[in-house]
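What follows is a set of notes on a single structure, which appears directly below.
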Amino acid sequence: MKKNIIAIAFLGLPATAMAQEKPILRDGWFNHLDVAFTVGTSGLGFDFATPMSKWARLRVGGEFRPLYRYDASFNMEVAEGLSAAEQSKRFKKLSETLKVLTGKEPTKTVDMEGDLRMNHFKMLVDVFPFKNFRKLHFTVGFYYGNDVIVDVRNSTESVRNLEAINAYNSMYKKALAKESLIDLEALGINNEGGATFETANQKLRNWGARVNGAVEKGSNKGDVPSEMNTVLGINPENNRYYAEYGMSLPIGTLTRDIIAEEDIYYDYTEVLDNPYYVDAGDAAVQVMYRTDANGRVIKKGELRYRKGEVIRHAGETLRFVPDENNTISATARVKKFKPYIGAGYTTAITKDKRTNVSIDAGVMFWGGKPSVDISTPVGVDADGNTIYCTVDLANDMTNLPAKVEKYVNSVKKYTVFPEISLRISQRLW
């Protein structure tokens, strides 16, 4: 019995081989299935193809692009409105101070790395319009994948630098708030020998704030600020609106107003050097806290912007600072759904016509100009959580730094992505 089965199997082999070599005449769903591998401008990919009818074929698969990275670097600024020479002088002094206080010595340069990412599911329909020339086809369909196509962030080597920058901005806010830069008691440093402990802490407090700082009203008007305020770039004049951050990256000029999407509160308190009294009818009211350009009190927990109010005005210079994780990042975004249209040419490379090679060319529509988004802190919510505003460098900004503008322009000029690929397919059945 076993020998008979083997004999029948061998007798059937020629017929099977002939059936495999015989061209397929029927064109129905899953009448046959091809598997293909592709390489092209959008990366490496694969697909499975099956006929839909005599005139059309369905292809379903995916594509991914191996990581492509490019580098850039930008310079941070200390304070605002300083000449290049004063910037360098101030930064050198600042670096030396930060190294003593934190062990971290910042440099002006922040190195950035950009990663190009394109991962997609694809569903395409090939149409064969010519009965006697089946090598040519036209293709329609779509790609669906990640919306972030370029992810830019600081290099690992720049993290230490950004930590120092955040430390500087923290010191800057402490100086405005008249807070001690270091709490000796919290560090476990105690002294029972008289006033030495209090004297040391008071010196730290004064150094981190202003010693007899100038005020708009009062007998001490015109006094010189402390050494630390000179380092931090804090102007001694009272009741003026200071830059929110001491060190930042000027990224460009806003072309539109940025609106608060929720209520925003101050995350620090700025106390006046010498509180003064103002007339309020029958009584005098003591002014304790600094006010901003709009007359709001700069005090932790005070409302800064109501939802719907302008938080950044068109024409202002937008300044970028590291986030809470000591990171600077930006993303280029497009639509997740990307329609495709193209054409292709296919030819067999084996005698049995089961292995084919195709050249396809077309365009992937991104759904408009890509955006290049960055986020920068604008305050905190009622619970003290940091609130960020997102700005589109491609559509909301002008006067970008030369290196930034180069990369932004290279992204925003494309509303479609050219897709050219080589496809090698093998028939499975």
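Could you check, for the stretch 320-332, whether at least one of its residues is over 21 Å from Met76 (Cα atoms), in a strand (DSSP E or B), open to solvent by 20 Å² or more (accessible area, probe 1.4 Å) and of a type outside the set (A, V, I, L, M)? Before you say what the answer is, go through the steps one by one.
Looking only at the stretch 320-332, we keep the residues that are over 21 Å from Met76 (Cα atoms), and these are 332.
Restricting the remaining residues to those that are in a strand (DSSP E or B) gives 332.
With open to solvent by 20 Å² or more (accessible area, probe 1.4 Å) added as a condition, the list becomes none.
No, that holds for no residue.
Checking the conditions here, which among Arg90, Arg69 is assigned to a helix (DSSP H, G or I), within 30 Å of the chain's Cα centre (by Cα) and modelled with pLDDT under 80? Can you show your working first?
Working: Arg69 fails: assigned to a helix (DSSP H, G or I).
One residue alone meets the criteria, Arg90.
Within the stretch 407-427, work out how many residues are surrounded by 12 or more Cβ atoms within 10 Å (Cβ to Cβ) and assigned to a loop (DSSP other than H, G, I, E, B).
Number satisfying all stated conditions: 2.
I want to confirm something. Restricting to the stretch 93-122 and keeping residues that are of a type in the set (S, T, N, Q), under 20 Å from Thr156 (Cβ atoms) and at pLDDT 75 or above, which single residue is least open to solvent (accessible area, probe 1.4 Å)?
So the first thing to find is which residues in the stretch 93-122 are of a type in the set (S, T, N, Q), and the list is 95, 97, 102, 107, 109, 119.
Checking which are under 20 Å from Thr156 (Cβ atoms) leaves us with 102, 107, 109.
From what is left, the residues that are at pLDDT 75 or above are 107, 109.
Working: Thr107: 76, Thr109: 56 Å².
Top of the filtered list is Thr109.
Going through Val372, Val404 one at a time, which residue ends up being in contact (Cβ under 8 Å) with a residue 24 or more places away in the chain, outside any strand (DSSP E or B) and not acidic (Asp, Glu)?
On the way: Val372 fails: outside any strand (DSSP E or B).
Exactly one of Val372, Val404 is in contact (Cβ under 8 Å) with a residue 24 or more places away in the chain, outside any strand (DSSP E or B) and not acidic (Asp, Glu), namely Val404.
Just give me the residues in the stretch 93-130 being assigned to a loop (DSSP other than H, G, I, E, B) and over 22 Å from Thr327 (Cα atoms), in sequence order.
Our first condition is that a residue be assigned to a loop (DSSP other than H, G, I, E, B); within the stretch 93-130, this holds for 103-108, 117-118, 128-130.
Residues satisfying the conditions are Met118, Phe128, Pro129, Phe130.
Scanning for something basic (Lys, Arg), within 17 Å of the chain's Cα centre (by Cα) and assigned to a strand (DSSP E or B), does the stretch 153-165 turn up at least one residue?
Here is the first cut: in the stretch 153-165, the residues basic (Lys, Arg) are 153, 160.
Of the ones still in play, those that are also within 17 Å of the chain's Cα centre (by Cα) are 153.
Then drop every residue that is not assigned to a strand (DSSP E or B), which leaves 153.
So far as the stretch 153-165 goes, yes, one or more of its residues are basic (Lys, Arg), within 17 Å of the chain's Cα centre (by Cα) and assigned to a strand (DSSP E or B).
Using the structure shown, decide if Val125 is open to solvent by less than 70 Å² (accessible area, probe 1.4 Å) and either modelled with pLDDT under 75 or under 30 Å from Ala348 (Cα atoms) (or both). Spell out how you get there, then give the answer.
On the way: open to solvent by less than 70 Å² (accessible area, probe 1.4 Å): yes; either modelled with pLDDT under 75 or under 30 Å from Ala348 (Cα atoms) (or both): yes.
When the stated conditions are applied, Val125 passes them.
For the stretch 37-55, indicate whether the set of residues that are open to solvent by 40 Å² or more (accessible area, probe 1.4 Å), under 29 Å from Ala402 (Cβ atoms) and either touching a residue at least 60 places away in the same chain (Cβ under 8 Å) or assigned to a strand (DSSP E or B) (or both) is non-empty. Spell out how you get there, then give the answer.
Here is the first cut: in the stretch 37-55, the ones open to solvent by 40 Å² or more (accessible area, probe 1.4 Å) are 37, 39, 41, 44, 46, 48, 52-55.
Checking the rest, the ones that are also under 29 Å from Ala402 (Cβ atoms) come to 41.
Going one step further and asking which of them are either touching a residue at least 60 places away in the same chain (Cβ under 8 Å) or assigned to a strand (DSSP E or B) (or both), we end up with 41.
Yes; the residues of the stretch 37-55 include at least one that is open to solvent by 40 Å² or more (accessible area, probe 1.4 Å), under 29 Å from Ala402 (Cβ atoms) and either touching a residue at least 60 places away in the same chain (Cβ under 8 Å) or assigned to a strand (DSSP E or B) (or both).
The values are calculated or read from the model by the stated rules, or taken from the named source; none is laboratory data. Remember, predicted model here, so these are calculated numbers, not experimental data. Note that we place each Cβ from the backbone using ideal geometry, even for glycine, and neighbour counts take in every protein chain shown. For accessibility, only protein heavy atoms count, side chains too; no ligands or nucleic acids. Shrake-Rupley method; radii C 1.70, N 1.55, O 1.52, S 1.80 Å.
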